[in-house]
Amino acid sequence: MRFLFQWQHVDVASRLSGPDGLRALVAQLDGLELPARAWERDVFPARLDRYDPAMLDMLCLTGAVGWARLSTGPTQVVGATPIALFLREHAEAWLPPSRAERASASQVAQEGLTPIAVKLYECLFERGASFGHELMAACDLSNDEYRRAIEELVSAGLITSDGFAGLRVLIGSSSTRLEAAGRWAAVTSSGNLPHEKAVETFAWALLGRYGVVFRRLLARESTVVPWRDLARVYRLLEARGDIRGGRFVSGMSGEQFALPDAVARLREIRRADPNDRLIALSAADPLNLTGIVTPGDRIRTVAGNRVVYRNGVPVAAMEGDMLRSLGEVEPDVAVEAAALAAGRRVPVMTGYVGRLG
């Protein structure tokens, strides 16, 4: 975990900055679905100095980065709705194969969508990317009808927008009116990307994300690719000399594969003394690996929950209004960890478990 905090730029000394830094972060978290609100409220600010939402909009508007829902669920879009950010050059790898089958308006009409949502999608399919006021006029929709249709189509993974502004409006993190939030477009896939190529893209994405990959890490991933398929790719990459195979992380069963740079940095961190610094992360953060890499129970990946680590070990967690200890620490450290987890100073005792009022 100490290695991962540096690898994913959460450690203060490894933080990135500016648009280039943000693009590097998106590349590292390529194709990962997280709660929509967590991206800008928790994940990027934890890794980037002075994160500015305008930087993400610029990356989207220039075509470097895209966003969409890859899974499906309730028609209402809220802060907890899973949304993936990805490099547009990899979009075909992340979009489910079924997206290619739903590329026509007539097929979308059979998806169980409301007539208004189907009508809006048909308009987008025929016109291409369009602004909100154009869609409302072309489909003769009121503001409320337009918003409900957009939400339904975003939730179904059928549309996206040029920037991130439209999603911010839907989850309530922006006061901009939805019809003024930029252009919307249908999310389509050609379906021409071979399955093997998509698996290889995912395999490289995992290496970029974690440095060292083993089967248990898939428990934190939203894209379902069998480990046997990934292992086949990794063995080929190892045979070519592109990556290393071996036993890099103790306590993890099965095969392990790593980038050469990751192996070198793991050794450096192992030799370095811990600094005892506390790191607090949202439980929705990709590095919430409690119960996966670290011992103990899983902490639900809810954006409002928080986990506090000391030297890579989880020591406290805030779940809803429940604050609990995850390990034995000195009283003064427990107080600081509780404050970081709760977001304010709270009275605690060693071995604390309590509900905050």
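So the values come out like this:
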| read-out | value |
| --- | --- |
| Yes/no for residue 242 being outside the structural domain of residue 154 (by TED's automatic domain parsing), part of a loop (DSSP other than H, G, I, E, B) and of a type in the set (D, E, K, R) | yes |
| Long-range neighbours under 8 Å by Cβ, at least six apart or interchain, first residue under 22 Å from residue 295 (Cα atoms) and not assigned by TED's automatic domain parsing to the domain that holds residue 234 within the stretch 250-274, second surrounded by 11 or more Cβ atoms within 10 Å (Cβ to Cβ) and of a type in the set (Ser, Thr, Tyr) | none |
| Matching option when the condition is among the aliphatic types (A, V, I, L, M), modelled with pLDDT of 95 or more and not in a helix (DSSP H, G or I), among 213, 224, 249 | 213 |
| Sole residue being over 27 Å from residue 314 (Cα atoms), buried (at least 18 other Cβ atoms within 10 Å of the Cβ), within 23 Å of the chain's Cα centre (by Cα) and outside the structural domain of residue 28 (by TED's automatic domain parsing), chosen from 287, 230 | 230 |
| Qualifying residue in the stretch 299-312 (condition: on the phi > 0 side of the Ramachandran plot, polar (S, T, N, Q), assigned to a loop (DSSP other than H, G, I, E, B) and surrounded by fewer than 16 Cβ atoms within 10 Å (Cβ to Cβ)) | yes |
| Residue under evaluation residue 191, criteria (1) more than 28 Å from residue 7 (Cα to Cα); (2) under 23 Å from the mean Cα position of the chain (by Cα), criterion not met | (2) |
| Hey, residue 327 at pLDDT below 95, in a loop (DSSP other than H, G, I, E, B), outside the structural domain of residue 83 (by TED's automatic domain parsing) and exposed (fewer than 14 other Cβ atoms within 10 Å of the Cβ) or not | no |
| Only listed residue being at negative phi and surrounded by 17 or more Cβ atoms within 10 Å (Cβ to Cβ), chosen from 235, 220 | 220 |
| Residue that is nearest to the chain's Cα centre (by Cα) [pool: residues in the stretch 303-332 that are hydrophobic (A, V, I, L, M, F, W, C) and within 16 Å of residue 46 (Cα to Cα)] | 303 |
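The values are calculated or read from the model by the stated rules, or taken from the named source; none is laboratory data. Model, not experiment: these values are computed from the prediction. Every residue, glycine as well, gets a Cβ built from its backbone with ideal geometry; the counts of neighbours run over all protein chains shown.
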